[in-house]
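For reference, the structure discussed in these notes is given below.
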Amino acid sequence: MKVYRLMSLMPMVLMTLMSFRSPSGYEIEKDMPLFLDSIKKELTYPLAWGNSDIRDFDIWRSTARDKVIELMLAPPPRSLSYNMEILGIEQRDGYKAYKIEFNYTNYSRAAAYLLVPDGDGPFPGVVALHDHGGHYTIGKEKMIRPFGVGQDILDDADKWVRDLYEDRYVGDYLARNGYAVISTDALFWGERGRKEGPDGNYFANVAGNFMMLGRNMSAWMTFEDMYVTEFLASLPYVDASRIGCVGLSMGAYRSWMLAALSPLIKASVAVCWMTTTDVQLSWEYGLETGGFANNLIGVRNFLDYPHIASLACPNYMYLINGETDVLFKAHSVRDAYETMHKVWDSQGVGDRLKTELLPMGHAMPLDVQAKSLQFFDNVLKK
């Protein structure tokens, strides 16, 4: 009897199994599963402000921040001593440029550029966060003009800044206007790259090895940005109560992530990196860009990009995107902005969040740099 019942169920089982087969004979397209839209319907972001049942904003922010940090997996261990060493000094127009070396973590000791205005401090500080660009030979040199390097590095940096920053180093511009500025290499860039040579084709391999070790490479970058901010705040000529951060593209992602997670950041500027998952991971508008550089495993089960950035509230934030930026569609940027404004408005500090969509592409031209400086002056020089 039992055999007969099993036999009678076989056609039903086979029909059920067949219903889950892809009629096309494949289930991956454009490097995404064909069931992408089904997964997206399950992303309800239950921990976002307004979705969460937590009504006390401070408790919500603490809870959501703890969840993000939990999803960032194990952090690199903080160093007990920075043990800073000055490798070189160059006097520039109204400020000094230092090439220094210090302990980022217990694992890593690396070089950085530090700019200090002439005169008496303490000065407001800015962490200048470099972009991705699929260009790995330089990192910090995209934000601060290098010195004491080979002509190839200087030419590389000058060309990159000419193309994306309208021929002006953002870090130097801020230093000339009274800010202490630091810029470091993210792991895989510049002086923290591959022994075998810079090659973005190996980025996924490195990120995969981090995963195998129970670590997250994108989170590692953010943790180190937090530690570098703490280092900047520790310097005697920097006012720890007046620190901001700025970046373009991946540097913008790093900027609002840093602002969301570090209590030291009082003002942040992020240029050309804000969107929603609904558009950024879609068949119609293109797929996620940046890959492992902005990938926190599991975070979308709780929060979307604008929800995480909103952890910076009630501090000051300035987001600028380009209307013709092919990487971040304008309507998605508007949706993200609207989500964030609701958070700041709910706390009665709507004037502290500034957002703009400008007629430009994926770049940080001179007028955007001027807007950024004015924003910092209004907040960090009061």
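Given a Förster radius of 51 Å and the C-beta distance between Lys96 and Leu327 as r, what FRET efficiency does 1/(1 + (r/R0)^6) yield to the nearest 0.05? Display every interim value, and only then the final one.
Details: r = 36 Å, r/R0 = 0.71.
According to the calculation, E is roughly 0.90.
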The answer for GluC sites (Glu not before Pro) in segment 205-287 that fall in a DSSP coil and have at most 10 neighbouring Cβ atoms within 10 Å is Glu284
Segment 272-379: relative contact order from alpha carbon pairs under 8 Å, six or more residues apart, as a whole percent, is 34 percent
Heavy-atom accessible area per residue of segment 149-211, all protein chains kept, 1.4 Å probe, expressed in Å², is 47 Å²
With the dipole of segment 320-382 defined by +1 on each Lys or Arg Cβ and -1 on each Asp or Glu Cβ, the option from Val368, His331, Val379 whose Cα lies farthest towards the positive pole is Val379
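Expressed as a fraction of 2.2 N^0.38 Å, the rule-of-thumb size for a compact globular protein of N residues, what is the C-alpha radius of gyration of the chain? Could the numbers behind the result be given before it?
On the way: Rg = 23.0 Å, N = 382, 2.2 N^0.38 = 21.1 Å.
Here the Cα radius of gyration is 1.09 times the empirical estimate.
If you roll a 1.4 Å probe over the heavy atoms of the protein chains, what accessible area per residue do you get for segment 278-382, in Å²? Show your work: numbers first, answer last.
On the way: 4320 Å² over 105 residues.
The answer is 41 Å² per residue.
Compare Tyr316, Tyr113 by solvent-accessible area with a 1.4 Å probe and give them largest first, with all protein chains kept in place. Could you put the intermediate results ahead of the total?
On the way: Tyr316 65, Tyr113 0 Å².
From most accessible down to least: Tyr316, Tyr113.
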In order over segment 186-197: 3J(HN,Hα) from phi, Karplus 6.51/-1.76/1.60, θ = phi - 60°, whole Hz, x for each Gly or Pro, gives 6, 4, 4, 10, x, 6, 10, x, 7, 4, 6, x
Once the dipole of segment 40-194 is set up from charges on Cβ (+1 Lys and Arg, -1 Asp and Glu), the residue from the list Thr184, Asn51, Ala74 lying farthest towards its positive end is Asn51
Rounded to a whole %, the carbon-and-sulfur portion of the accessible area of the chain at a 1.4 Å probe is 55 percent
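Return the ratio Rg/(2.2 N^0.38 Å) for segment 297-371, where Rg is computed over Cα atoms only. Walk me through the numbers on the way to the answer.
Values: Rg = 13.2 Å, N = 75, 2.2 N^0.38 = 11.3 Å.
Taking the Cα Rg and dividing by 2.2 N^0.38 Å, one obtains 1.17.
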By accessible area (1.4 Å), largest first, Asp156, Asp335, Asp278, Asp185 order as Asp278, Asp335, Asp156, Asp185
Spelling it out for Val238: with amide H atoms placed in the peptide plane at 1.01 Å from N, the residues 5 or more places away or on another chain with amide H under 5 Å from its amide H are Phe123
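Where does the chain land at 222 nm, in deg cm²/dmol rounded to the nearest 500, when only DSSP H runs of n ≥ 4 count, each adding -39500 (n - 2.57), divided by all residues? Display every interim value, and only then the final one.
On the way: 12 runs with 141 residues, N = 382.
After summing the helix terms and dividing by residue count, I get -11500 deg cm²/dmol.
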Debye calc, one equal point scatterer per Cα of segment 29-121, no solvent, log10 I(q)/I(0) at q = 0.11 1/Å comes to -0.72
From highest to lowest solvent-accessible area (probe 1.4 Å; ligands, DNA and RNA excluded), Leu311, Leu80, Leu187 read Leu80, Leu187, Leu311
Inter-part gap, Cα centre of segment 255-325 to Cα centre of segment 367-382, in whole angstrom, is 21 Å
Here the relative contact order (percent) of the chain, from C-alpha pairs under 8 Å and at least 6 apart, is 17 percent
Tilt, helix 203-212 to longest principal axis of the chain (alpha-carbon atoms), in degrees rounded to tens, equals 70 degrees
Taking Cα atoms, the helix 57-71 axis meets the longest principal axis of the chain at an angle in degrees (rounded to 10) of 80 degrees
Beyond 20 Å, the calculated P(r) of segment 188-263 holds a percent of Cα-Cα pairs equal to 44 percent
The answer for GluC sites (Glu not before Pro) in segment 144-203 that fall in a DSSP coil and have at most 10 neighbouring Cβ atoms within 10 Å is Glu196
In degrees, nearest 10, the alpha-carbon axis of helix 217-234 is tilted away from the dominant principal axis of the alpha carbons of the chain by 30 degrees
Restricted to the chain, the DSSP antiparallel beta bridge percent, nearest 5, is 45 percent
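Which value, in debye to the nearest 20, describes the size of the charge dipole of the chain about its Cα centre when Lys and Arg Cβ atoms bear +1, Asp and Glu Cβ atoms bear -1, and nothing else is charged? Let's see the in-between values first.
Working: 38 positive and 47 negative charges, 199 e Å.
Rounded to the nearest 20 debye, it is 960 debye.
The values are calculated or read from the model by the stated rules, or taken from the named source; none is laboratory data. From a predicted model like this one, the values you see are computed outputs, not experimental measurements. So basically every Cβ, Gly included, is an ideal-geometry build from the backbone, and we count neighbours across all protein chains shown. What goes into the accessible areas is simple: the full protein's heavy atoms, side chains included, and nothing from ligands, DNA or RNA. Shrake-Rupley method; radii C 1.70, N 1.55, O 1.52, S 1.80 Å.
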